[in-house]
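Beneath this line is the structure, given in C-alpha cells, with notes to follow.
What follows is calculated from the coordinates using simple rules that are stated; it is not laboratory data. Quantities reported herein were computed from a predicted structural model and do not represent experimental measurements. So basically every Cβ, Gly included, is an ideal-geometry build from the backbone, and we count neighbours across all protein chains shown.
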Amino acid sequence: MFSWMAWTWPTALLFIGIFSAIGVLILAEIRTPGGNARKGALGLTTTRGDRLFISLLGTAYIFLAWLGLVGMPLWWPLGLSLAWAVFCFWKV
C-alpha cells in the first residue's frame with residue numbers, strides 16, 4: 001500500500017514526531033483557547049503554532065547546514081535542534 005515511498009524507521013519517526021507535536025498543540029488549544037499569543041525575543045507576536053513552525057523551520061536549516069558543512073553523524077544537529085526548539089517555545 002505504501003510502496004510508492006521508501007518508508008524507513010527514521011522517516012516514520014519524523015512524521016510521528018511532527019503529528020504528535022500537532023496533537024499536543026490541539027490539546028493545549030482545547031485546554032486554553034487563544035493560542036497564548038506573546039511578544040518574544042525576536043520582536044514577533046507569536047502563538048504556539050507559530051513557535052512550532054519556527055522551530056521546525058529552524059531545525060530543517062540546522063540539519064541542512066550541518067550536512068552541507070560537516071556531514072555525518074547527525075547527533076550534534078539533533079541536540080542543536082532540540083535546543084533551538086526549547087529556545088523558540090521559551091523566548092520567541
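Starting from the Cα-Cα distance between Ser20 and Phe63, subtract it from 0.36 nm times their residue separation and give me the gain in nm to one decimal.
Stretched fully, the Ser20-Phe63 segment lengthens by 13.4 nm.
With a 10 Å radius around each residue's Cβ, average the other Cβ atoms per peptide and rank 16-26, 58-68, highest first.
Packing order, densest peptide first, comes out as 58-68, 16-26.
Between Thr8 and Leu44, what length in nm is gained on full extension when 0.36 nm per residue of separation is reduced by their alpha carbon distance?
9.3 nm
Please determine, in degrees from 0 to 90 and to the nearest 10, the orientation of helix 9-31 with respect to the longest principal axis defined by the Cα atoms of the chain, where the helix direction is its Cα long axis.
Rounded to the nearest ten degrees, it is 10.
222 nm [θ] for the chain, helices only, -39500 (n - 2.57) per DSSP H run of 4+, per residue, to 500?
Values: 3 runs with 62 residues, N = 92.
After summing the helix terms and dividing by the residues of the chain, the value is -23500 deg cm²/dmol.
Taking all pairs of distinct Cα atoms, average 1/r, flip it, and tell me the Kirkwood hydrodynamic radius of region 32-77 in Å to one decimal place.
Kirkwood radius, region 32-77: 12.3 Å.
Once the Cβ-Cβ distance between Ala28 and Phe87 is put in as r, and R0 is 25 Å, what FRET efficiency do you end up with, to the nearest 0.05?
Once the sixth-power term is evaluated, E becomes 0.85.
To the nearest 10 degrees, how steeply does helix 75-91 sit against the main Cα axis of the chain, on a 0 to 90 scale?
Orientation of helix 75-91: about 10 degrees from the principal axis.
Compute the helix-to-body angle for 48-69: its Cα long axis versus the longest principal axis of the chain, expressed 0 to 90° and rounded to tens.
Long axis of 48-69 versus the principal axis of the chain: about 30 degrees.
Over 10 Å intervals from 0, what percent of Cα-Cα pairs in the chain sits in each interval?
Pairs per bin, as whole percents: 15, 38, 32, 14, 2.
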